[in-house]
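Comments concern the structure below.
The values are calculated or read from the model by the stated rules, or taken from the named source; none is laboratory data. Note that the structure is a prediction, hence the values are computed from the model and not measured. Note: ideal-geometry Cβ built from the backbone for every residue, glycine included; neighbour counts use all protein chains shown. Just so you know, the surface numbers come from the protein's heavy atoms only, side chains and all, with ligands and any DNA or RNA stripped out. Shrake-Rupley method; radii C 1.70, N 1.55, O 1.52, S 1.80 Å.
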Amino acid sequence: MDDRRPDLAKRFALAAHSNAVLPILLVLEILETTIVPFPYEAIFVALCLAAPQRTWLFVAVTVAGSAIAGSILYSLGAGFAEPLADYLNVQEAVEAYKSTFSERGGALIFLGGLTPVPSYFVNLVAGATGYPFATFLALFSSSRFIRFALLGLLIHLFGEAVLAQWSRLPIVVQRTILILFLAAVTWWSIANLG
């Protein structure tokens, strides 16, 4: 009888195949889109590599989390922009920004969801400027879908080849790459919190 626990990779693969990972993924995406900027894509990619047949489910959960988080931020922007602008005495700047956003808001919302930069500012401003909610939600959700569907497609097409190359690397190289990756993620997360 083998009493050894499965290694981290096997445990992660088991988790990726579990339905319990879906609400966790949803909450992580909501947190990442709203208040805690971190490289969510690293988790997404790892899950898709561990359970490739669930890639499109992970895409759907991610887009749902983005839509929920975007809606929360939109509502906060709509509810608190005016009182905050009055308190900070920046009403003129807010009005100027509203004008700019009314002209280019659709492109800003779409690009905010498509790029890996934190999108919470665009979502707040969309609500603050009174951008139509249905249009905002459609633009933001579709851009997030495109972003994660393309990432999922790349993983689907090239994931096995990448994993095969990874498994051929000496263990010391694998660990060095993982340590460097974790250091970079930590640095990126700390740099974006401020």
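Would you work out which of GLN53, LEU84, TYR74 lies farthest towards the positive end of the dipole of the stretch 2-95, given +1 charges on the beta-carbon of Lys and Arg and -1 on that of Asp and Glu, about the Cα centre? Going by the Cα projections, it comes out as GLN53.
When peptides 157-164, 105-112 are sorted by average Cβ neighbour count within 10 Å, with the highest value leading, the order is 105-112, 157-164. To the nearest ten degrees, helix 8-17 and the longest principal axis of the Cα atoms of the chain are 60 degrees apart. Rounded, prolate or oblate for the stretch 29-68? Axes are the square roots of the Cα gyration tensor eigenvalues, ordered a ≥ b ≥ c, and the cut-off for rounded is a/c under 1.5. Since a/c reaches 1.5 but b/c is at least a/b, the shape of the stretch 29-68 is classed as oblate. Our coupling estimate for the stretch 56-64, obtained by passing each phi through the Karplus curve with A = 6.51, B = -1.76, C = 1.60 and θ = phi - 60°, is 6, 5, 5, 4, 4, 5, 5, 5, 4 Hz, Gly and Pro reported as x.
Counting only Cβ charges, +1 for Lys and Arg and -1 for Asp and Glu, the dipole size of the stretch 1-110 around its Cα centre is about 560 debye. For the chain, a Gaussian network of Cα nodes joined below 10 Å ranks SER119, SER66, SER167 by mean-square fluctuation, and the top entry is SER167. Solvent-accessible area of the chain (1.4 angstrom probe, protein heavy atoms only): carbon and sulfur portion equals 73 percent. For the chain, the dipole from Cβ point charges (+1 on Lys and Arg, -1 on Asp and Glu) about the Cα centre works out to 700 debye, to the nearest 20. Surface listing: ARG104, ARG147, ARG11 arranged by accessible area from highest to lowest gives ARG104, ARG11, ARG147, probe 1.4 Å.
Between VAL172 and LEU154, the simple spin-label model (points 7 angstrom out along Cα→Cβ) gives 3.1 nm. Got the relative contact order for the chain handy, in percent, Cα pairs under 8 Å and 6 or more residues apart? For the chain, the relative contact order is 27 percent.
Full extension of the segment from LEU14 to LEU31, taken as 0.36 nm per residue of separation minus the current Cα-Cα distance, would add 3.8 nm.
The residues of the chain have, on average, 60 Å² of accessible surface per residue, using a 1.4 Å probe with all protein chains present. Maximal additional length on extending the LEU137-ASP7 stretch stands at 42.7 nm, based on 0.36 nm per residue less the C-alpha distance. Between the C-alpha center of the stretch 160-176 and that of the stretch 34-107 there is a gap of 35 Å.
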